[in-house]
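Engineer: This is the structure, below, for whatever I ask next.
The values are calculated or read from the model by the stated rules, or taken from the named source; none is laboratory data. In this text the structure is predicted, and so the values were computed from the model without any measurement. Quick reminder, even Gly has a Cβ in these numbers, built from the backbone with ideal geometry, and neighbours come from all protein chains shown. All accessible areas refer to the heavy atoms of the entire protein, side chains included, with ligands and DNA or RNA removed. Shrake-Rupley method; radii C 1.70, N 1.55, O 1.52, S 1.80 Å.
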Amino acid sequence: MPHWKRTMLLMALDAALINIAVFGSFYLRFYEDSIQLESYLSTTYICAAIVATVVLLVVYRFVGLYHSIWRYASVRELVSIAGGSGIGVLIMVGIVYGMSLVMPAPPVISGSPVALEITGIPRMPHSVGVLCWLMVAGLVGFSRFLPRVQQMGARMREGNGALPQGNGSCGLKPVLIIGAGDAGALALRELRNYHDQERVAVGFVDDSAEKLHLKLQGIPVLGTRHDIARIVEEYDVEEIIIALPSVTGEPLREIINLCQDTHVSLKILPRVYDFLSGDVTVSTLREVQVEDLLQRNAVSLELNEVAGYLKDQVVLVTGAGGSIGSELCRQLVRFNPAQLILTGHGENSIFDIEQELRALSQKAPNKMWPALAAVIMDIRDVCKVGRVFAEYRPGVVFHAAAHKHVPLMEDNPEQAMLNNILGTHVLARAAHDFHVNKFVLVSSDKAVNPTSIMGATKRVAEMVIQDLGARSHTQFAAVRFGNVLGSRGSVVPTFKRQIAAGGPVTVTDPEMTRYFMTIPEASQLVIQAGAMAEGGEIFILDMGRPVKIVDLAKDLIRLSGLKEEKDIQIVYTGVRPGEKLYEELLTAEEGTRSTRHERIFIARASRVDAGAVEGLIDVLKEKGGELEPDQVVGELQKLLPDFREECCEGVRIEGQGSKSSQNSESSQSLQSVQNLQSLPNTRKESYIHDTDTIGQHGCCAYSKD
């Protein structure tokens, strides 16, 4: 229905209700005295009805009663009705009182035969005004809330407003909501507005003692988090919604663990920020993600404070179509660079991120948006890289392009060397030659005491920029990541696909652990590192405690509403070539020093043999694609003597060096040394680990039985 027609219908309805209310107020005041009632109805009532109709319709329009969607009416609309009615009635009373002064009439005397012949307007009693306000507000309010009342009644008849016990809740899935606050109320409204044919809320859980045994929108608070298992069993709950968007880190993990023990499906209400940013809509209840289960709080980086170096700069991102590169581009556009150059080798991924960013630019026409350019290039191609740098003259380069899959690079070692080492060298030389201000390399924790080709090539890539940075005006830096949750080819998407296929979920080793971070954390760390870079640094994020891969697998199985071993099997496949049970963050020689951010550290640079670096680059330029696997290892060992040496394989060192006392708590995860656990018997291998004091190299011997 057109808005104007809807408004006219509502105004006609309100006019009728106002007249009924004015008549009712006079009737209630004088119903016991028919003479006075008849006299007032023939005089004052007529004036009051006309004035009240005109005045109240104007006031209602002014307070917005004809612009509200009454299906979602709330206390705000009720206050508008009551307040608008009160203002309108006061104006009406004032006008009628003024008219009674201008055209006075003698008092109406009960039983007087002349009462019907009164001329003028008798003064309206004060009680009539009060009654009129109550009746107008009540009638208009009821008319507005009637559709919502009917809707609630329909749900009650369908069983959605009742509290089901056991099975048979009219075919609806019983749902328990964690959190009886504003977010819980929003989740309940979400169920009623969008899922009322599928789900029914049976109750809330909240740790606040004041809320126990009370009701929120008619749904009771059944207990605290410690009662979740009992409530799930008692009410046959099939789904739990966590409506605690402000709770993160360890508290959220504790709640999720309690819910997981019930083996029911879990969902979580998104954060308010997600609504504002447009990532989700109000009708979205997302699945619980593994990101919610990080055994630490997400790291919050001070991007607005440090990202001034990006403003009005031409920024070039390699690997822009990858998981890290694409998120990096999404973050970079917030800081008003003059131009963003998206480069990569895969045309489809570059096309996707370019189209995504262009679509976002159309949604923010009033916001400064960088010019975009998409370039398909191989970072090993010296001529192409040179042309790109000459054409666009970037001021900042983020190098996220790399071959990263450990087992795949074990089978293709020469390609890992060419892409990760030679490609980095080509880009770094171009950055130096074209006077780039900052160059940030995305590295990996696998570069520390590497046992894989991929890790070794990333460590050499770090050496390349450290060597060049020592004699360049460009500020070179590297950032070491742990595993990035949700990135392409990472363990989480793999587990999800395996679970969707019915299993089994494959884990290499029950003791395999990794450091984890989220894609936004990784991308923001790169930007922050660029701001802190002065030349030659390797930045490391304090990622808390390492997480067992098998624990992630179990979490994902339970979050999918399935049971481990019963529905989905976990199969151990053995450690793959090049893999370590434990990843490390620092080499023995590096140690750390603090930065102005309490969760970011800088590895003290170890000495780089410039001649060996240049020698390896020359070899790669001459015959990189012709190298045999044993030749690749030999070339890498010229820079990394311990690489693939049995006496050093398996070293587990999480951190070296010291840090100022005020930041000692933040650096514990970087400075602790943990004992190794033995490998499974099936491998017939053991690790002997001897640790001295924190900050010194842990020696190990590797033996085969």
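Engineer: Using only Cα atoms, what is the ratio of the radius of gyration of the stretch 366-412 to 2.2 N^0.38 Å? Mind showing how you got there, number by number?
Structural biologist: Numbers: Rg = 15.2 Å, N = 47, 2.2 N^0.38 = 9.5 Å.
Here the Cα radius of gyration is 1.60 times the empirical estimate.
Engineer: Top to bottom by accessible area (1.4 Å), largest first, where do 31, 97 land? Walk me through the intermediate numbers first.
Structural biologist: Details: 31 125, 97 105 Å².
From most exposed to least exposed: 31, 97.
Engineer: Can I ask one more? For the stretch 1-68, with all protein chains present and a 1.4 Å probe, just round the carbon and sulfur fraction of the accessible area to a whole percent.
Structural biologist: Details: 2490 of 3560 Å².
Whole-percent figure for carbon plus sulfur exposure: 70.
Engineer: With θ set to phi - 60° and the Karplus curve 6.51 cos²θ - 1.76 cosθ + 1.60, what are the ³J(HN,Hα) couplings of the stretch 178-190 in order, to the nearest whole Hz, using x for Gly and Pro?
Structural biologist: Whole-Hz 3J(HN,Hα) from phi for the stretch 178-190: 8, x, 9, x, 4, 5, x, 4, 5, 5, 5, 5, 4.
Engineer: Any of 363/384; 211/554; 404/496; 446/563 with alpha carbons more than 24 Å apart? Name them for me. Let's see the in-between values first.
Structural biologist: Numbers: 363/384 33 Å; 211/554 34 Å; 404/496 20 Å; 446/563 33 Å.
Pairs exceeding 24 Å: 363/384; 211/554; 446/563.
Engineer: For the stretch 175-237, what is the convex hull volume of the alpha-carbon atoms per residue, in Å³? Kindly include the intermediate steps, with their values, before the conclusion.
Structural biologist: Working: hull volume 4.4 nm³, N = 63.
Expressed per residue, the convex hull around the Cα atoms of the stretch 175-237 is 70 Å³.
Engineer: To continue, here is another question. What ranking of 11, 512 comes out by heavy-atom accessible area, probe 1.4 Å, highest first? Please list the in-between numbers first.
Structural biologist: On the way: 11 50, 512 5 Å².
So the residues, ranked largest to smallest area, are 11, 512.
Engineer: Which listed residue (53, 34, 10) has the Cα farthest towards the positive end of the charge dipole for the stretch 1-80, taking +1 on Lys and Arg C-beta and -1 on Asp and Glu C-beta about the Cα centre?
Structural biologist: Toward the positive end, the furthest listed residue is 10.
Engineer: First check a/c for the stretch 408-468, with a ≥ b ≥ c the square roots of the eigenvalues of its C-alpha gyration tensor; if it is under 1.5, answer rounded, and if not, answer prolate when a/b is larger than b/c or oblate otherwise.
Structural biologist: Working: a/c = 3.00, a/b = 1.82, b/c = 1.65.
Prolate shape, in that a/c is at least 1.5 and a/b is the bigger ratio.
Engineer: Run through the stretch 1-33 and list the trypsin sites (Lys or Arg not before Pro) located in a DSSP loop whose Cβ has at most 12 other Cβ atoms within 10 Å. Don't skip to the answer; put the middle values down first.
Structural biologist: Details: sites: 5, 6, 29; in loops: none.
In loop regions of the stretch 1-33 (DSSP not H, G, I, E or B), there are no sparsely surrounded trypsin sites (Lys or Arg not before Pro).
Engineer: Please state the equivalent ellipsoid semi-axes for the stretch 442-484: what are the square roots of 5 times the Cα gyration tensor eigenvalues, largest first, in whole Å? Don't jump to the answer; show the numbers that get you there.
Structural biologist: On the way: eigenvalues 89, 26, 6 Å².
Over the Cα atoms of the stretch 442-484, the ellipsoid semi-axes are 21, 11, 6 Å.
Engineer: For a quick protection proxy, order the peptides 473-480, 456-463, 383-390 by their average other-Cβ count within 10 Å, most packed first. Please list the in-between numbers first.
Structural biologist: On the way: 473-480: 24.1, 456-463: 27.8, 383-390: 16.4.
With the highest mean Cβ count within 10 Å placed first, the list reads 456-463, 473-480, 383-390.
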